[in-house]
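The structure appears right after this line, and notes come after that.
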Amino acid sequence: KAKQSGRNRYIEFVDAMTAQQERRLQIAAAIKDGLANDEFYLLYQPKVKPNEGVVGVEALIRWNSPSLGMISPNEFINIAEQTGRINDITRWVIEKGFQQLITFQAQFNTQLKVSFNLSSLDIFRPNFVAYLVKALSNPNINTQLIQFEITESAYIENFDTAQTFIGKIKRLGCSVALDDFGTGYSSLSYLTQVQADTIKVDQYFVRNLFNSEKDRKVTDAIISLAKKLGMTICAEGVETQAQYEYLHQSGVDQIQGYYFSKPVAMEQLAGTLKRIDKQLTTIAKKA
Ligand code: C2E
Ligand code: MG
Ligand code: MG
Ligand code: MG
C-alpha cells in the first residue's frame with residue numbers, strides 16, 4: 001500500500017512538472033507573437049518626493065495574452081530571459097516609453113522623469129549600448145530625464161560589465177538606480193564603488209518595517225549609508241501612512257507604492273499626479 005501511494009505521489013509530481021514546463025513553453029511561444037501583435041502595454045508608477053510632489057515615474061510592462069490571459073512580468077520576464085527574447089522586450093519597452101513620454105510632454109508641457117527596468121542580459125548584449133545611444137539621440141528626448149533600473153543582484157553578479165555599461169549610459173546624461181536593494185546578499189562595502197546614483201530599497205524591508213526589529217535596523221543602516229555616500233534613496237512598496245512617515249523621517253528621498261498610486265496608464269497619469277499633489281497637501285496640513 002505504501003508503495004502504491006508513493007508511486008501516486010510520484011506521478012502527481014511528474015504531472016505538475018509537466019504542466020509547469022508546458023506553461024513555460026506556451027508563454028515562450030506566445031511572447032514572440034505578442035510582440036508582433038502589440039499585446040503588451042506599459043503602466044507608470046509615480047515616485048513621490050515628500051513635501052514636493054511627483055519626481056518621476058517607473059515604466060512597468062503588462063501583457064494581456066489573448067490565449068493565456070494576463071501574465072505577470074514576474075513570470076514572463078524570466079521566461080523571456082531564458083529563451084532569448086528579453087532584449088526584444090526591452091527595446092519594445094524603450095520605444096513605447098519614449099513615444100508616450102514625448103506625447104505626454106507635448107500635451108502637458110512638463111518635464112517628467114521616466115525609469116526603465118533592464119535585465120542583466122541587456123547589459124551583456126554587445127549592441128545594446130549602441131541601440132541606446134541611437135534611441136537617446138532623439139531630439140525630443142532629454143537624456144537627463146531618463147533613468148535605468150538594474151537589480152542589485154544583476155549588478156553584483158556582473159560587476160565589471162555593469163560598471164562599464166553604467167559608465168557609458170551615465171556619460172549620455174542618464175541616471176541609474178539599483179533596484180531591489182538589500183536582498184542581493186552583497187556586502188555593503190561595494191556601495192562605495194557602484195556608479196549608480198540611486199538605490200531602491202526593496203519592498204521586503206518596507207513590508208517588515210514594523211514586523212521585524214532586525215529588518216528595521218538593516219533598513220535604517222542602508223538608508224544612512226546610502227545618504228552618507230550621497231546617493232538618492234527610493235523606497236518601494238510603500239502602502240501605509242505609517243510606513244510613509246517612518247521612511248520620510250528617516251530621510252528617504254522618494255516614496256513609491258500603493259500609498260500614493262498603483263501603476264497607471266499614461267492617459268490617467270496627469271489626473272493621478274494632480275490627485276497625489278492634493279494628497280501631499282492633506283498630509284502637510286495634518287503634520
Ligand atoms: P520592480 O522593478 O521591483 O517593480 C516593483 C513591483 O512592485 C511592480 O510589480 C509594482 O507594480 C509593484 N508594486 C509597486 N508598489 C507596490 C506596493 O505598494 N505594494 C505591492 N505589493 N507591490 C507594489 P510588477 O509591475 O508586477 O513588476 C514586477 C517586476 O517585473 C519588476 O519589479 C521588474 O523586476 C519586472 N519588470 C516589470 N516591467 C519590466 C520591464 O519593462 N522590463 C524588465 N526587464 N523587467 C520588468
Ligand atoms: Mg524597478
Ligand atoms: Mg524593485
Ligand atoms: Mg523586483
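Inside region 171-201, residues that are assigned to a loop (DSSP other than H, G, I, E, B), at pLDDT 95 or above and open to solvent by less than 20 Å² (accessible area, probe 1.4 Å) make up a count of 1. Here T161 clears all of (1) in a strand (DSSP E or B); (2) more than 16 Å from ligand 2 (Cβ to nearest atom); (3) of a type in the set (S, T, Y) except the condition numbered (1). Comparison of V252, V206 shows that the only residue that is surrounded by 15 or more Cβ atoms within 10 Å (Cβ to Cβ), in a helix (DSSP H, G or I) and β-branched (V, I, T) is V206.
Here's the yes/no breakdown for (1) without any contact (Cβ under 8 Å) to a residue 60 or more places away in the chain; (2) out of contact with any Phe, Trp or Tyr (no Cβ under 6 Å at 6 or more places or on another chain); (3) away from ligand 2 (no atom under 16 Å from the Cβ):
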position	(1), (2), (3)
K200	yes, no, no
Y204	yes, yes, no
E213	yes, yes, yes
I223	yes, yes, yes
E236	yes, yes, no
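Contact map, region 30-58: first residue at positive phi, second residue of a type in the set (D, E), Cβ cut-off under 7 Å, separation 6 or more or different chains; pairs are G53/D277.
Residue count for region 156-194 under the criterion of being under 29 Å from I102 (Cβ atoms), more than 12 Å from ligand 1 (Cβ to nearest atom) and touching a strand residue (DSSP E or B) at 6+ places or on another chain (Cβ under 9 Å): the result is 10.
Across region 66-77, the qualifying residues are those that are in a helix (DSSP H, G or I) and open to solvent by less than 60 Å² (accessible area, probe 1.4 Å), and the one among them that is nearest to P126 (Cα to Cα) is I77. Taking the criterion of being open to solvent by less than 50 Å² (accessible area, probe 1.4 Å), under 15 Å from V176 (Cα atoms), in contact (Cβ under 8 Å) with a residue 40 or more places away in the chain and part of a loop (DSSP other than H, G, I, E, B), the only residue of region 92-147 that qualifies is S119.
The values are calculated or read from the model by the stated rules, or taken from the named source; none is laboratory data. In this text, all values refer to a predicted model and were calculated from it rather than measured experimentally. Cβ atoms come from the backbone with ideal geometry, glycine included; neighbour counts cover every protein chain shown. For accessibility, only protein heavy atoms count, side chains too; no ligands or nucleic acids. Shrake-Rupley method; radii C 1.70, N 1.55, O 1.52, S 1.80 Å.
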